[in-house]
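Written below as structure tokens is the structure these notes are about.
The values are calculated or read from the model by the stated rules, or taken from the named source; none is laboratory data. What you see is a predicted model; the values in this text were computed from it and never measured. Counting neighbours? That spans all protein chains shown, and the Cβs are built from the backbone with ideal geometry, glycine included.
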Amino acid sequence: MGPQLSWYLALSAILFTIGAVGVIIKRNVIAMFMCIELMLNAVNLTFVACSSFFQDVTGQLFVFIVMTVAAAEAAVGLGIIITVFRNRESLNVDDASILKL
Amino acid sequence: MTTILFIIFAGLAIGCAIAMVSQSNPLYSAISLIGVFVALASLYVTLAAPFIAAVQVIVYAGAIMVLVIFVIMLLNVEHSEPRRKRLKFLVPVAIGMAAILIAETAFILYSVQTSENKLAGNTSDVGLTHSIGAGLFTTYLLPFEITSVLLLMAIVGAMSLARRTTVLSATARVVPGAQVLAMDIVNPRAVGDLTAVETETTAEAAHLLGVDFQSDRDQEE
């Protein structure tokens, strides 16, 4: 008996929860960014697990698209982080609590 | 066998994720996150999704995390703590673990070469590059094209964010009397041209603009 689908879903839920907790407790904007990446990966794991257990390739196609979105998010998000740092000299999100510069 | 692999890699993923959240140094968090990505890629291999596993390592652990680490090192706001002594005993541990890793690799290569019973071929092609490509370019062609537009928008957005929005060029010198004028002020025909025209002195700027200008020094003489 190999691992069941529910094991993968449980692992994915644990990883997603850790990522969500990280976004809440972290104050460094780059660390929060990495926690968001962790949550995206947890979702990817459910897609691949379901795709493998139901023998349907659609889930893996969606993982591919999620990865593309994550890459775009990394490019734009890190650009925003650099711009905010240039204006505020800080990576703490509490220092950027208003959107006005 | 798959159960053991699942337990190992799930434990590695959860441990690295907890380490990532509990670290205060973003660089260590990034390295822990790479551990999570590699563990997930290994799980994808056990789920018979080799293409996604390879893309996970190449795109996530490769491209995205290199970008994140680059930004961490570029901004470099970590607290300047002195390097602690306790890191010294990690050197022999690292050497030992590297030796174990090399031994494992050698063992795997040896056992694959000498193994009698080959693995039965996977009858289903779900997860192989062929089926993913076929699905991506037939049924899901529209999402694929939309994704390409999204990537283009991300490139344009990142470039416009990174651009410095000042009129002054990087070579503009700050000397008394120096002026920086937009081209459409100097030349009335070049409407809308905001190219910076730099002049050394106020008199030179007045000459460019066609204005009669006498400096205070001239008047005193």
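Only one of (1) within 26 Å of B:S22 (Cβ to Cβ); (2) facing chain B (nearest Cβ under 7 Å) fails for A:V63. Which number is that?
Among (1) within 26 Å of B:S22 (Cβ to Cβ); (2) facing chain B (nearest Cβ under 7 Å), A:V63 violates only (1).
Which residues, counting only those in the range A:39-59, are more than 14 Å from B:V45 (Cα to Cα), in contact (Cβ under 8 Å) with a residue 12 or more places away in the chain and facing another protein chain (nearest Cβ under 7 Å)?
Answer for the range A:39-59, where residues must be more than 14 Å from B:V45 (Cα to Cα), in contact (Cβ under 8 Å) with a residue 12 or more places away in the chain and facing another protein chain (nearest Cβ under 7 Å): just A:N41.
Any idea how many residues of the range A:64-99 are assigned to a loop (DSSP other than H, G, I, E, B) and surrounded by 17 or more Cβ atoms within 10 Å (Cβ to Cβ)?
In the first step, residues of the range A:64-99 are kept if they are assigned to a loop (DSSP other than H, G, I, E, B); the result is A:89-91, A:97-99.
Those still in the list that are surrounded by 17 or more Cβ atoms within 10 Å (Cβ to Cβ) too: A:91.
Total satisfying the criteria: 1.
Between B:L209, B:L168, which is among the hydrophobic types (A, V, I, L, M, F, W, C) and at pLDDT 70 or above?
Numbers: B:L168 fails: at pLDDT 70 or above.
On inspection, the qualifying residue turns out to be B:L209.
Would you mind finding the one in B:G135, B:G127 that is at pLDDT below 90, closer than 26 Å to A:G59 by Cα, part of a helix (DSSP H, G or I) and in contact with a Ser or Thr (Cβ under 8 Å, 6 or more places away or on another chain)?
Working: B:G127 fails: part of a helix (DSSP H, G or I).
Among B:G135, B:G127, only B:G135 is at pLDDT below 90, closer than 26 Å to A:G59 by Cα, part of a helix (DSSP H, G or I) and in contact with a Ser or Thr (Cβ under 8 Å, 6 or more places away or on another chain).
With respect to the numbered conditions (1) within 8 Å of chain B (Cβ to nearest Cβ); (2) surrounded by fewer than 21 Cβ atoms within 10 Å (Cβ to Cβ); (3) modelled with pLDDT of 90 or more, which one is the sole condition not fulfilled by A:I25?
(3)
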